[in-house]
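Written out below as structure tokens is the structure these notes cover.
The values are calculated or read from the model by the stated rules, or taken from the named source; none is laboratory data. Note that the structure is a prediction, hence the values are computed from the model and not measured. Please note: Cβ atoms are built from the backbone with ideal geometry, for glycine as well, and neighbour counts cover all protein chains shown.
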Amino acid sequence: MLIERVLAASLFLLAFCAPHSIAGTQIAWGIGLLAWLVRLTLRPRPRTFRTPVDYALLGFFILTFVSALASYDPDVSIGKLRAASLFTIVYLVAENVATRRTLRLLAFTLIASCMINVVYTFGQRAAGRGVKVTGLAADSPLRAAGVNEGDTLLRVDGAALSSPDDLARTLLAADATGAPVARVLVYRLEWRFETEVARGALLAGATPEARLGVTSWTRGRDERASGFYGHYTTYAEVLQLVGSLAAGLLIALRRRRSWPGALLAAAVAGLGVALLLTVTRASWLSFLLSIVVMSLVGLGSRRATLAVALGALLVVPLGLYVLQQKRGVGFFDRKDGSISWRTTVYREGFELFAREPRHVLVGVGMDSLKRHWREWGLFDKGRLPVGHMHSTPLQLALERGLPALLLWLAVVFLYARMLWRLWRDAALEDWRERGLALGALGGLAGFFASGLVHYNFGDSEVVMVFYLIMGLTLALERFARQDARESRNEKSGGAV
């Protein structure tokens, strides 16, 4: 049937686009939902299946809808229901994966697709970007404009820079608007800013470097990796989920010294290095936690688990070095602005949550913080960037109420219990299916742990990957249930 082919194609498009593009993923989601609705109207109508998380997940969405209606700004919160409805990805996948072969192919499509942006990240890091100034003369016009050694010059008047010659040529040319200065975009330790450099105010010299007073430079490689996304935290969270899936498959593989083992090991290594380049501490720790959880559950050998733990510990010094070089902070650094920022918004968020019974019951409404933060005295009265609470549990409780948070925790518990049972199911013999269950369990542990200090549940790109993997494992659970039912029927028939 044509509609079933469209459905299957939408699932593979969803798995392919999920690690790269929110637009492509949501287009695939929309096509899949429409095709599924059409299929449900045609005869013979397809069966629908119950899952272990139905009551908790649907209840969570219902309470989210109630909180939107009761919001301080219903128009804003109701608009956010579109993002909240992404949970339907779970059912789109779980109900429409028709065969175990399709299930396995979808899981490998997700991993292989994510490797595309990993290769892109490595290529981007190897090529570098912009002009990193490593030496400046005392009379350099760049120094007069506020540029320091170690800064990377990214753009001038909106055009990308690849060498000092590009900048010198722009500064020597007259601007079409007659502006006496050129605007240069500068990157400095996670901070981007624009500075103005006077046109024509160059030094005497035979080379562009001499005219700019640049004594040494190289290509910039200090920016945190973000893949095809616009933000490194989003990329890090997706890498954690997909990397855990690949690691789970590798652990479940019986013959690791084989070509599937080599490919999976290369994928885990590549995803891990790309994650390191995002310089995102919470995602690093969550991935390490995921690996430890999967090793404890999946290896079944104290020696092997200890070897994995020691290997993880050996990575820690490398992470500390990268963190110091790229962000100029230690792992737990009280001078780090992001840590003090979090402690401030945590305190403010909890105080607002406990201020009124209404807030505890139904929350303040999704995104109402963006309109009412002044009257509520949030974000250190505007001295901190206005955004969210940087914690999934706190954000859910504050925006949607304590009952909604409890239902979300119930979803996490029920999902984890299902994955644990799938891994322990002796009838589940295929290593790819067992690896899917184990990788999803590790990814869930990492996703939950990272969510304690990141609002990763509010990141649509991340949550779509999370829901996709959940849908795959729910389909696997359905296949396992069907096998168990058939086995019981065969035994009862034989007894007769």
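At a glance:
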quantity: Condition check for A168: within 24 Å of S216 (Cβ to Cβ), among the aliphatic types (A, V, I, L, M), surrounded by 12 or more Cβ atoms within 10 Å (Cβ to Cβ) and touching a residue at least 60 places away in the same chain (Cβ under 8 Å); calculated: no
quantity: All positions within segment 9-25 that are surrounded by fewer than 19 Cβ atoms within 10 Å (Cβ to Cβ) and in contact (Cβ under 8 Å) with a residue 60 or more places away in the chain; calculated: F12, S21, I22
quantity: Candidates V297, V279, V268, V293 - the one that is assigned by TED's automatic domain parsing to the domain that holds H20, surrounded by 16 or more Cβ atoms within 10 Å (Cβ to Cβ) and not in a helix (DSSP H, G or I); calculated: V279
quantity: Single match in R82, R39 (criterion: charged (D, E, K, R) and under 23 Å from the mean Cα position of the chain (by Cα)); calculated: R82
quantity: Every residue from segment 394-418 that is surrounded by fewer than 23 Cβ atoms within 10 Å (Cβ to Cβ) and among the charged types (D, E, K, R); calculated: R417
quantity: Looking only at segment 234-292, and only at residues there that are free of Cβ contacts under 8 Å to residues at least 40 places away in the same chain and of a type in the set (V, I, T), the one that is farthest from Y467 (Cα to Cα); calculated: V292
quantity: Some residue of segment 464-480 being farther than 19 Å from R434 by Cα and touching a Ser or Thr at 6+ places or on another chain (Cβ under 8 Å); calculated: yes
quantity: Given (1) more than 30 Å from G363 (Cβ to Cβ); (2) touching a residue at least 12 places away in the same chain (Cβ under 8 Å), index of the condition S77 fails; calculated: (1)
quantity: Some residue of segment 91-104 being outside any helix (DSSP H, G or I), touching a residue at least 40 places away in the same chain (Cβ under 8 Å), buried (at least 17 other Cβ atoms within 10 Å of the Cβ) and assigned by TED's automatic domain parsing to the domain that holds V360; calculated: yes
quantity: Residue count, segment 144-188 (criterion: farther than 24 Å from A204 by Cβ and in contact with an Asp or Glu (Cβ under 7 Å, 6 or more places away or on another chain)); calculated: 6
quantity: Filter result for L396 (assigned to a helix (DSSP H, G or I) and modelled with pLDDT under 85); calculated: no
quantity: Criterion (without any contact (Cβ under 8 Å) to a residue 60 or more places away in the chain and not acidic (D, E)) met by exactly one of A159, A201; calculated: A159
quantity: Which listed residue is β-branched (V, I, T) and either under 28 Å from V463 (Cα atoms) or in the same structural domain as A445 (by TED's automatic domain parsing) (or both), from T233, T207, T215; calculated: T233
quantity: Pairs where the first residue, in segment 38-62, is at positive phi and part of a loop (DSSP other than H, G, I, E, B) and the second is at pLDDT below 95 and among the β-branched types (V, I, T), C-beta under 6 Å, 6+ apart; calculated: none
quantity: Residue in segment 136-158 that is among the small types (G, A, S) and under 30 Å from V66 (Cβ atoms) present; calculated: no
quantity: Residue in segment 176-210 that is nearest to the chain's Cα centre (by Cα), counting only those that are over 29 Å from A126 (Cβ atoms) and charged (D, E, K, R); calculated: E196
quantity: Residue match in segment 135-147 (condition: among the hydroxyl-bearing types (S, T, Y), closer than 19 Å to S216 by Cβ and in contact with a Ser or Thr (Cβ under 7 Å, 6 or more places away or on another chain)); calculated: no
quantity: Residue within segment 139-150 that is without any contact (Cβ under 8 Å) to a residue 60 or more places away in the chain, more than 40 Å from the chain's Cα centre (by Cα), surrounded by 17 or more Cβ atoms within 10 Å (Cβ to Cβ) and part of a helix (DSSP H, G or I) present; calculated: no
quantity: Test set (1) surrounded by fewer than 16 Cβ atoms within 10 Å (Cβ to Cβ); (2) assigned to a loop (DSSP other than H, G, I, E, B) - E223 fails condition number; calculated: (1)
quantity: Hey, L34 farther than 30 Å from L369 by Cβ and modelled with pLDDT of 95 or more or not; calculated: yes
quantity: Unmet requirement for V329, which otherwise passes all of (1) at pLDDT 65 or above; (2) touching a Ser or Thr at 6+ places or on another chain (Cβ under 9 Å); calculated: (1)
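Per-residue answers, yes or no, for (1) of a type outside the set (V, I, T); (2) in contact with a strand residue (DSSP E or B) (Cβ under 7 Å, 6 or more places away or on another chain); (3) at pLDDT 95 or above:
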residue: M389; (1), (2), (3): yes, no, no
residue: L406; (1), (2), (3): yes, no, yes
residue: V411; (1), (2), (3): no, no, yes
residue: L414; (1), (2), (3): yes, no, yes
residue: A426; (1), (2), (3): yes, no, no
residue: L438; (1), (2), (3): yes, no, yes
residue: T473; (1), (2), (3): no, no, yes
residue: A480; (1), (2), (3): yes, no, no
residue: R488; (1), (2), (3): yes, no, no
